[in-house]
1. Counting only residues that are over 16 Å from residue 44 (Cα atoms) and more than 10 Å from the chain's Cα centre (by Cα), how many does the stretch 2-20 have?
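The values are calculated or read from the model by the stated rules, or taken from the named source; none is laboratory data. Because the structure is a prediction, the values reported are computed rather than measured.
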């Protein structure tokens with residue numbers, strides 16, 4: 001997967017204090033969400049190592065323009 005991970009930093013989220021690292025697209029460098037590196041509360045430990053992807057930052061793009069598709073597929 002083409003995901004990069006920034007440095008961890010402490011953030012207070014709705015569920016308490018966590019150390020999280022932003023994750024981003026390696027191609028366009030857009031921030032996509034974050035990864036839970038460390039949970040400070042025992043009840044939140046299950047989140048460690050998990051990723052949150054914000055759908056608002058996702059774009060479906062297959063890299064093909066319709067003209068390119070028709071030309072490459074010999075569709076008329």
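1. Final tally of qualifying residues: 4.
Residue-by-condition table, conditions (1) modelled with pLDDT of 95 or more; (2) in a loop (DSSP other than H, G, I, E, B):
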site	(1), (2)
1	no, yes
8	yes, no
12	yes, no
21	yes, no
37	yes, no
46	yes, no
49	yes, yes
59	no, yes
